[in-house]
Amino acid sequence: MGDGRGMELLRLDRRHFLIGAALACVPVRASAQAADHAVKLDVPRLSEDPTGVPVSVSVDHPMEPDHYIRSIEVSLASDPVPYKGTFVFTPANGRAAMSFKMRSGAGGVVRAVAECTKHGTFTGTRAIRVTEGGCAMPPDGGPKDKPRNVQIRLPDAVRSGQTVEARVRVEHLTETGLSFRGGTYVREAPEFYLKEMLVFLDDRKISEFRMSAAVSPNPIIRFPLRFTKGGTLRVVFVNSDGHRAEGTLPVKV
């Protein structure tokens, strides 16, 4: 009896050891992959200007031809305009990152979803509080002008293979078509907004920002670029009425 019980305990100890060893290996691989795909989302915990809430999102991840972050989507489900925008990347960006300002009418949990070309999607969240009315349009509406005065800024010196930050600004008002009455948002007019930003180096498309009426008016958008050659950097904005405006900047590497 003693020998039999001892053998049984030995088998159990061996089984527990093997199971424990197997489980110990899983978190190492999972944590390494999670670290490579960690979504860093930066928004203020409290914003007193709900029409211009700063948002910055990044993922420290390789941007290689066969393995990179394809896109980052930002949303806030509790807002009257929940979808904020999606930035689409290519390896020519050098890094997956973007920053802009958004409208928020209710606050809640901001959600950023990054898509990797090999490993699917990864999410980062951050809670935010805002004052009321951020998604409402002016009482009398605003002029529905075409986008204009596209300005592009880069560092003074750009080296081959270096990732630098581009800063782009455009003049364009944004209307959600909503009014805020008695604590409730009511639709009074169609949305009017910048629909997309397209970024090219010469004729090669580098990236795209798909926007919504929740992007703040006269936006300043920051994103990375990695140059391996010189050329003409061209940024095109298209609004919801189909009107376009573009700016160009010669780049020497």
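A compact table of results
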read-out	value
Förster radius 30 Å - calculated FRET efficiency between Arg244 and Val164, Cβ distance, rounded to 0.05	0.70
Added length on full extension, which subtracts the Cα-Cα distance from 0.36 nm per residue, Asp156 to Val186	6.1 nm
Length-normalised contact order for the range 112-201 - Cα pairs under 8 Å, 6+ apart - percent	23 percent
Environment charge at Pro224 (Cβ cut-off 12 Å; Lys +1, Arg +1, Asp -1, Glu -1)	+2
FRET efficiency, Arg70 to Arg129 (Cβ-Cβ, R0 41 Å, nearest 0.05)	0.85
Of Lys146/Lys205; Lys118/Lys146; Lys195/Lys252; Lys40/Lys144; Lys118/Lys195; Lys84/Lys205, those spanning more than 32 Å from alpha-carbon to alpha-carbon	Lys118/Lys146; Lys40/Lys144
Net +/- balance of residues flanking Ser104 in space, Cβ distance below 11 Å, scoring K and R +1, D and E -1	+1
P(r), alpha carbons of the range 129-253 - 10 Å bins starting at zero, rounded %	12, 38, 26, 16, 7, 1
Antiparallel bridge percentage (DSSP; both residues within the range 41-251; nearest 5)	95 percent
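No lab work stands behind these numbers, since they all come straight from the coordinates. None of these values were measured; they are calculated from a predicted model. Neighbour counts are summed over all protein chains in view; Cβ atoms, including those assigned to glycine, are modelled from backbone coordinates with ideal geometry.
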